[in-house]
């Protein structure tokens with residue numbers, strides 16, 4: 001960092017007794033394991049089920065799972081190491097990598113949730129034009145735009161934060177490096193830099209949120225008076241998406257769309273959108289989605305057939321493979337032997 005003599009930073013994390021830290025370690029490990037296993041399961045299910053993989057909604061869902069794995073992996077490994085070894089130091093390079101990862105994957109998820117809302121809007125409100133507009137080339141292009149926008153956002157944040165002249169204390173009251181805590185260590189008045197960063201976050205968060213709101217209000221207006229079986233299915237899918245949106249947006253808004261602070265509430269909000277939300281997303285989608293349940297059932301059946309071959313194939317020898325009748329007569333002899 002520019003003009004700084006600080007070579008490493010200290011993450012306070014969760015300052016408590018050793019017993020409490022071990023308990024928090026267990027919770028974080030369980031949460032991170034859930035993030036990895038459940039999101040990988042969603043990705044594998046969509047990948048091996050052609051009907052789901054060719055659907056834009058499930059293609060975006062698989063990419064959301066990939067982003068959740070990456071977002072959870074930004075802070076969880078370092079937090080687990082700190083809790084276990086009681087070593088809270090992090091290098092300047094590691095700190096910058098965490099900040100870049102948080103904003104890259106966080107903004108990518110924000111963009112992707114907006115694209116998923118647009119996909120549901122087109123499927124429900126313009127069903128006759130949906131297949132013509134949302135083709136493979138179109139939704140691949142939307143996904144690429146999500147990552148380009150996320151990269152530009154995170155690069156801008158890094159361009160500002162790397163110019164901070166840090167001095168004095170090197171202690172961050174958080175479990176990861178992030179802008180609200182790091183900007184408090186600056187020697188000079190960082191009012192302009194704070195405004196620039198807030199403006200950059202608002203430039204992404206507010207348009208995405210307004211687009212989400214417009215999409216779902218239009219969907220509700222379209223479905224008004226059509227609450228049959230198909231309408232209930234559509235509302236179930238949309239309610240799952242809205243739940244995910246709420247779990248992600250509420251803590252992000254609380255942390256970033258206000259004057260930066262270092263309160264304990266900010267720390268808990270960061271824990272929520274960095275770890276709890278990525279763990280809950282696949283559960284929300286799979287538990288309330290019949291197609292995902294069916295695809296998981298098919299994947300389970302394929303796994304059983306692959307791992308557990310039929311018993312009759314286990315006892316075939318070269319001298320007893322002439323006919324089915326021969327195999328049946330030879331089997332008791334093998335068991336008797």
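Bear in mind that the values in this text are calculations on the coordinates, not laboratory data. In this text the structure is predicted, and so the values were computed from the model without any measurement. Glycine also receives a Cβ, built like all others from the backbone with ideal geometry; neighbour counts cover every protein chain displayed.
Let me know the shape class of region 102-253, please: from the alpha-carbon gyration tensor, a ≥ b ≥ c as square roots of the eigenvalues, rounded when a/c is under 1.5, otherwise prolate if a/b is greater than b/c, or oblate. It would help to have the intermediate numbers written out before the result.
Working: a/c = 3.35, a/b = 2.36, b/c = 1.42.
In terms of gyration-tensor shape, prolate.
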By Cβ neighbour count within 10 Å, fewest first, 81, 38 rank 81, 38
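Test of understanding: ordering 131, 114 by Cβ neighbours within 10 Å, fewest first, what list do you get? Kindly include the intermediate steps, with their values, before the conclusion.
Working: 131 11, 114 22.
Ordered by Cβ neighbours within 10 Å, fewest first: 131, 114.
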Rounded to the nearest Å, the spacing of the alpha-carbon centers of region 35-102 and region 134-183 is 16 Å
Quick note, region 8-288: a/c under 1.5 would make it rounded; otherwise a/b > b/c is prolate and the rest oblate (a ≥ b ≥ c, C-alpha gyration tensor); here it is prolate
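For residue 48 and residue 196 in one chain, what is 0.36 nm times their gap in residues minus the Cα-Cα distance, to one decimal in nm? Numbers along the way, then the final one.
On the way: separation 148, 0.36 × 148 = 53.28 nm, distance 4.42 nm.
Stretched fully, the residue 48-residue 196 segment lengthens by 48.9 nm.
Normalised by the residues of region 11-146, what does the relative contact order come to in percent, with Cα pairs under 8 Å and at least six apart?
RCO, region 11-146: 28 percent.
With a cut-off of 8 Å between alpha carbons and a minimum separation of six or more residues, what is the relative contact order of region 8-288 in percent? Can you show the working numbers first?
Numbers: 293 pairs, mean separation 77.4, N = 281.
Dividing the mean separation by the residue count of region 8-288 yields 28 percent.
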So for region 57-136, using the alpha carbon gyration tensor with a ≥ b ≥ c as root eigenvalues (a/c under 1.5 gives rounded; past that, a/b versus b/c decides prolate or oblate), I'd call it prolate
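If neighbour count is taken as other Cβ atoms inside 10 Å, put 87, 119 in order from fewest to most.
Numbers: 87 11, 119 22.
The most exposed by this proxy come first: 87, 119.
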